[in-house]
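Engineer: Here you go, one structure.
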Amino acid sequence: MKSVFFIFIFSVCIYSLSAQNLLDDKTRDLFHEALSGELAKEHVIQITRHHRIQGSRGYRDAAKYVLGKLREYGFSENDAYIESFVSDGKKEYQTWQSPSGWDITSAELRMVEPYDERIVGYPEIAMSVITYSNAGDATAELVDVGNGTSDKDYEGKDVRGKFVLATGYGGAVHRLAVLKYGAKAVVCFLDDERAKEYPDMLQYTGMWPRSNELTTTTFGFNLTNRQGKKLKELLASGKKVVLHGKVEGVGLEPYYMDVVVAKIFGSEHPEEELVFSAHLDHPKESANDNASGSGAILDIARTLNELISSGRLPKPKRTFRFIWVPEWNGTMAYIDGHPEFEGPELGGNWLANMNMDMVGENLELLHSQLILTRTPSSLPSCVNDVVTNMAEMVDGIDVRTPRGSLSAFNYRVTPYGGGSDHMMFIDRKIPGIMFSHSDYTHHTSEDTPDKVDPVELERCEIIATSTLWYLANLDDSQAKNLSYHVQARALGRLGDGAKKGLQLLAGRDTVTGLGDEAQNILKQSLANEIDGLISILNFNNSVDVKQDVATIQSALKYQYEFLAKEIADKVKGTNAGISLKEKRDTRIPVRMTRGPLDFGLPANTLDAEKAKWYSSSENTIRGDMEFEIVNFINGKKTISEIRDALSAEFTPVKVEAVAHYIEDLVSVGVVKWK
């Protein structure tokens, strides 16, 4: 009983320390004063004027705008520049095919029967043309194919030489309608819950042609729900509908993906870097996604450079890098061209990443909230706790701007989820935190600058800047304080791990082996917390800090032993306490590539029969779980150890399912056996 009381009192004391701001008040106030959500929004407005499709001339214009502003802010040719990577639809970067270059000048879709009417045109509505459409001109009858993304949608319908009307994603419809069934072109309209409330909203879709489809890709248009339903109703009434569509310009072409890079060099450890990232691409307007993130890190670059140049801030001890990328594809090209793009676990010096993707939403207009996404179990890090503390700090600041909203700060810190370039950093063992919001305008024509809030931009800027500034300059005193802070949060998460295990057992004490699953959750939680604690040493590895980290590890292990006994007592005498004693799969996989695998792997390179497993009920490995399996492959973990880590992070899975997935990765050549 004394030991329990000791743990309780110790935890309360430590938690009181963790509730304090990690950043000193003077620096906090300086960032609050100098960072400008208003200037960031001005960048958003300028960036949204460009049709910023990956590999396009419009994207290059946006990249030039960013570089031009960096020059105005005092960045020299050595400090800021553009790196260009071939983007021709054929060049591969690791497992990723580059998108084709793309350039069109004008486009129009008209209805010529049963009456003449102009439906939509480009460039006035840039999102109206399905991106990566080729130039072309066609007049043909329209056929309704429903969703248009499965073969069943085409049964009994003759679409050869015709336009098809569909509600599915443009590229998927084109792949079937045009490339398989011989249609001339596709017309897609948005028909989901959002469209009911916003019938004049256009959805952003793209062809994304594969290398063998570049010469056979035609064109397509995106319509609003109102426009699409009008055409659908005409067809349903028995009328013949004939459309004329034309797209003018080069169309698909070999071109380049541009990555804008800026640096502020460190004074003591310039080889060690902390990275701000944002993807610059997406169609015009696409304001929150992601002109907001691009504008935010441009303002952060301005602020830090000006404060350092004026002497209001000292030079950082470590280097800051800023990168504006074409999402995923451009980051993969950058990874491929930069072997140093690696975190400490892989021997590299890139220590942390703040990935800004949709960070300016007006919370009042869009009923949204800021999501701060933690790193996954494959990469535990103290960076998570620093970001959380900085968000708590900003929650106590009354951020207001002349043209900003009056919204209260609303944020959540969530477990790992994918969806942006933080995945690329995490794959390279660089702790990457994603800043994001979710709202109804995502990937639609409703994502416009009027829905971007300078106040929310500034809040996100302060959190990201404070986090990386703090870590770049972590002295002994701060590192010791950080270790106590991480300890307090770790004790809470260990308790959550025990709770998760006990919830797994609730009402299921007749299930043999379930006690092992509960203990595995707690065991993996301890391993994650220890690794996260040790990661402090990447930012300060002095003798005193090492000693503190070692002492705290012992405290965490003591707490773990207490909680493990609680679980053991719970299952004692029940079937859940009986171990299954399954045979362990001791094979050790080794990765052959750098960066996340192409999202279609391995299924899209297997023969049809083997690929069926991925859409069957036997496959319990989906989405983020696939990403995590690859991240757990480090040349040390066995398949069973990977299964244990995966099960604790998500939900219990069978070792056979994990083995099946890894065996397929081996068969397509991206993994080998040690």
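Engineer: Starting from region 191-202, keep only residues that are closer than 14 Å to Thr441 by Cβ and touching a residue at least 40 places away in the same chain (Cβ under 8 Å), then list their pairs with residues that are of a type in the set (A, V, I, L, M) and surrounded by fewer than 19 Cβ atoms within 10 Å (Cβ to Cβ) whose Cβ atoms are within a distance under 7 Å, requiring at least 6 positions of separation or different chains.
Structural biologist: Leu202/Ile125
Engineer: Taking only region 66-77 into account, find how many residues are touching a residue at least 24 places away in the same chain (Cβ under 8 Å) and open to solvent by 50 Å² or more (accessible area, probe 1.4 Å).
Structural biologist: Going through region 66-77 one residue at a time, the tally reaches 1.
Engineer: Please give the number of the condition Lys523 fails out of (1) under 30 Å from Tyr470 (Cβ atoms); (2) open to solvent by 50 Å² or more (accessible area, probe 1.4 Å); (3) assigned to a helix (DSSP H, G or I).
Structural biologist: Here Lys523 meets the rest and fails (1).
Engineer: Could you figure out which of (1) of a type outside the set (A, V, I, L, M); (2) under 21 Å from the mean Cα position of the chain (by Cα); (3) farther than 27 Å from Thr441 by Cα isn't true of Thr373?
Structural biologist: Every listed condition holds for Thr373 apart from (3).
Engineer: Is it the case that Gly249 is open to solvent by less than 30 Å² (accessible area, probe 1.4 Å) and touching a Ser or Thr at 6+ places or on another chain (Cβ under 8 Å)?
Structural biologist: no
Engineer: Okay, moving on. On the given criteria, is Glu649 touching a Ser or Thr at 6+ places or on another chain (Cβ under 6 Å) and under 28 Å from Pro344 (Cα atoms)?
Structural biologist: Spelling it out, Glu649 is indeed touching a Ser or Thr at 6+ places or on another chain (Cβ under 6 Å) and under 28 Å from Pro344 (Cα atoms).
Engineer: While we're looking at this one, here's another question. Would you pick out the residues in region 169-194 that are of a type outside the set (A, V, I, L, M, F, W, C), more than 12 Å from Phe221 (Cα to Cα) and open to solvent by less than 40 Å² (accessible area, probe 1.4 Å)?
Structural biologist: Within region 169-194, Gly182 is the sole residue that qualifies.
Engineer: With Thr95, Thr105 as the choices, which residue is touching a Leu at 6+ places or on another chain (Cβ under 9 Å), polar (S, T, N, Q) and open to solvent by 10 Å² or more (accessible area, probe 1.4 Å)? Write out each step before concluding.
Structural biologist: Values: Thr105 fails: touching a Leu at 6+ places or on another chain (Cβ under 9 Å).
The conditions single out Thr95.
This table checks each residue for (1) of a type in the set (Ser, Thr, Tyr); (2) assigned to a helix (DSSP H, G or I); (3) within 30 Å of Gln503 (Cα to Cα); (4) in contact (Cβ under 8 Å) with a residue 60 or more places away in the chain.
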residue	(1), (2), (3), (4)
Tyr614	yes, yes, yes, no
Glu618	no, no, yes, no
Glu628	no, yes, yes, yes
Thr651	yes, no, yes, no
Asp664	no, yes, no, yes
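Engineer: Out of all the residues in region 289-348, which are without any contact (Cβ under 8 Å) to a residue 24 or more places away in the chain and under 14 Å from Glu272 (Cα atoms)?
Structural biologist: Listed by number, the residues that qualify are Glu340, Gly347.
Engineer: Next up: Could you say whether any residue in region 327-337 is touching a helix residue (DSSP H, G or I) at 6+ places or on another chain (Cβ under 8 Å), more than 20 Å from Thr467 (Cβ to Cβ) and surrounded by 24 or more Cβ atoms within 10 Å (Cβ to Cβ)?
Structural biologist: yes
Engineer: Of the residues in region 364-382, how many are open to solvent by less than 10 Å² (accessible area, probe 1.4 Å) and on the phi > 0 side of the Ramachandran plot?
Structural biologist: Of the residues in region 364-382, 0 are open to solvent by less than 10 Å² (accessible area, probe 1.4 Å) and on the phi > 0 side of the Ramachandran plot.
Engineer: Could I ask something else about it? So, in region 588-644, exactly how many residues are among the hydroxyl-bearing types (Ser, Thr, Tyr) and within 24 Å of the chain's Cα centre (by Cα)?
Structural biologist: The qualifying residues number 4.
Engineer: Looking only at residues in region 533-579 that are in a loop (DSSP other than H, G, I, E, B) and surrounded by fewer than 17 Cβ atoms within 10 Å (Cβ to Cβ), which one is farthest from the chain's Cα centre (by Cα)?
Structural biologist: This residue is Gly573.
The values are calculated or read from the model by the stated rules, or taken from the named source; none is laboratory data. Computed from a predicted structure; not experimentally measured. Cβ atoms come from the backbone with ideal geometry, glycine included; neighbour counts cover every protein chain shown. The protein model used for the area step is the full one, side chains on, heavy atoms only, and it has no ligands, DNA or RNA in it. Shrake-Rupley method; radii C 1.70, N 1.55, O 1.52, S 1.80 Å.
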